[in-house]
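Read through the structure below, which is laid out as structure tokens, and then see the notes.
Derivation of every value follows stated rules applied to the coordinates shown; laboratory data play no part. Since the model is a prediction, treat every value here as computed from it, not as a measurement. Virtual Cβ from ideal backbone geometry, glycine too; neighbours counted across all protein chains shown.
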Amino acid sequence: MQFRKFGKTDFMVSALGFGTMRLPTVGGDIANIDEQEALKMIRYAIDNGLNYVDTAYPYHKENCETLVGKALKGSYRQKTAIATKLPVWLIESQSDMNNKFEEQLKKLQTDYVDFYLLHSLNKESWEKMVRLDYLSWAEKMVTQGKIRFLGFSFHDEFPVFKSIVDYYDKWTFAQIQYNYLDINYQAGLRGLKYANGKELAVVIMEPLRGGELANIPESVQKIFEKAGNKKTPVDYALKWVWNQPEVSVVLSGMSTFEQVQDNIEYASTSSINVLKQEELKAFEEARKKINAIRPVACTGCGYCLPCPNNIKIPDIFDIYNKGYVFDNLDRARTRYGFLEVKADACIKCGECETKCPQKLPIRDMLEKIHKELGNA
Ligand SMILES: NC(=O)c1ccc[n+]([C@@H]2O[C@H](COP(=O)([O-])OP(=O)(O)OC[C@H]3O[C@@H](n4cnc5c(N)ncnc54)[C@H](OP(=O)(O)O)[C@@H]3O)[C@@H](O)[C@H]2O)c1
């Protein structure tokens, strides 16, 4: 495992962090984590040098922190930093902050959290946290030794990111969505450099755009091969992120044991500033190509769920995107046909759109997709 400096702290973080949003599940229900397999995966990663586990209150329908608590029981806790997050959308007072945080400590079976984040900040949720004076509450927790370092995860535009970074000079870290497709998206490259300039550690989420960059079309693979790449698409996409000196830790939401093994291997051969000029150019070309053919910018994070009408929104977007990226709309129609609840079940309530970190026009997209895929 390679280790990198975590901002101004003296913590040396493993290049790979464990994102626990996409653990293996049983029976197709994300609430139902395959406990045995997930414990094996997390502990194997720690046994191989990983020392940063990222979780959050809502993951796996609020069951994830409990699983992480079990995984880190005993000596694993001493070897591993826990990052978890305050679910800002459920918070209306400082007593809500206390209650949620105490519940999280209990689930995680720990007396303290190493890295505590405001979860998925945007302009509105940040303004609410300022109004509720979150920082004075959080500083109290730091003084009491219940939180070691404060940070936030972010899904909004760069100016909002900058204003949050500038608001408080004791942030230790920021977590942003970043991969070779998303350099000008949300905080993006500008955010990465800005936070690093302020000596914040930068934690990267969605480095494979939620798994999309693991399955690139042949035309894109050819662009990489022409530039001399012999790595797998996942290795190469992760290496692109690790290549950048401003990056502290790359979270990967691994969903199988094999992915954990692979990504540990990829992390152990990662380095800063090793990609050649022609390789960096190939990534630019690949970005243009993928963006040109991919109709929906969904990362499959699932924040839009549950839909009151049980529409599996990310699944529908995934089927649709793959139809275009792999130029096979017939297959997309067949896959769509198998779905129990189709996009036309949308009642346009818009609840999903208020929760989507990518701010996608979900209702319109569902209508459009049903028109295209629904008449198989
Ligand atoms: N705070 C926030 O607002 C926020 C938002 C999003 C994410 N996060 C955190 O950041 C973490 C990372 O984001 P992410 O889960 O979207 O990461 P990601 O690395 O972009 O996507 C993870 C997916 O990539 C695929 N994958 C990973 N390793 C692979 C390998 N070796 N071979 C083939 N496929 C591979 C898997 O897809 P399949 O399952 O399809 O195989 C996996 O589920 C999350 O788990 C979560 O902890 C936080």
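Structure values in brief
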item	result
Region 109-190: Lys pairs at Cα distance under 18 angstrom, eight or more positions apart or on different chains	5
Computed FRET value (nearest 0.05) for Tyr44 with Glu103, which takes r as the C-beta separation and R₀ as 41 Å	0.90
Diffusion coefficient, µm² s⁻¹, Stokes-Einstein with Kirkwood Rh over alpha-carbon pairs of region 313-373 at 10 °C and 1.306 mPa s	133 µm²/s
Relative contact order of region 313-373, pairs being alpha-carbon contacts under 8 Å that are 6 or more residues apart, as %	32 percent
Computed lengthening from Thr232 to Lys61, 0.36 nm per intervening residue step minus Cα-Cα distance	58.3 nm
GNM result for the chain, Cα springs below 10 Å: residue of Ala227, Ala174, Ala83 fluctuating most strongly	Ala227
Relative contact order of region 11-90, pairs being alpha-carbon contacts under 8 Å that are 6 or more residues apart, as %	33 percent
Label-point separation in nm, Ile347 to Met12, each point 7 Å along Cα→Cβ	5.7 nm
Distance in nm between pseudo-label sites at Asn375 and Lys128 (7 Å out along the Cβ direction from Cα)	4.2 nm
Gain on full stretching of the segment that runs from Glu157 to Gln221 - 0.36 nm per residue minus C-alpha separation	20.0 nm
Unit charges on C-beta of K, R, D, E only; dipole of region 40-106, Debye	420 debye
Entries in Lys5/Lys312; Lys73/Lys312; Lys276/Lys368; Lys5/Lys73; Lys198/Lys348 that, when Cα-Cα distance is taken, lie over 31 Å	Lys5/Lys312; Lys73/Lys312; Lys276/Lys368; Lys198/Lys348
Solution diffusion estimate, µm²/s, Stokes-Einstein, region 3-291, Kirkwood Rh from C-alpha pairs, 4 °C, viscosity 1.567 mPa s	67 µm²/s
Mean projected area in nm² (Cα convex hull; one quarter of hull surface) for region 1-132	8.8 nm²
Taking Met141, Met97, Met205, Met1 and counting other C-beta atoms within 10 Å, the order from fewest to most	Met1, Met141, Met97, Met205
Residues Cys304, Cys298, Cys349 arranged by fewest to most Cβ contacts within 10 Å	Cys349, Cys304, Cys298
Relative contact order [Cα under 8 Å, 6+ residues apart], the chain, whole percent	15 percent
Cysteines having no other Cys beta carbon under 4.7 Å from their own, within the chain	Cys64, Cys298, Cys301, Cys307, Cys346, Cys349, Cys356
Extreme residue, positive dipole direction of the chain, given options Met41, Cys352, Gly27 (C-beta unit charges)	Met41
Helix-derived mean residue ellipticity, 222 nm - over the chain, DSSP H n ≥ 4, -39500 (n - 2.57), to 500	-13500 deg cm²/dmol
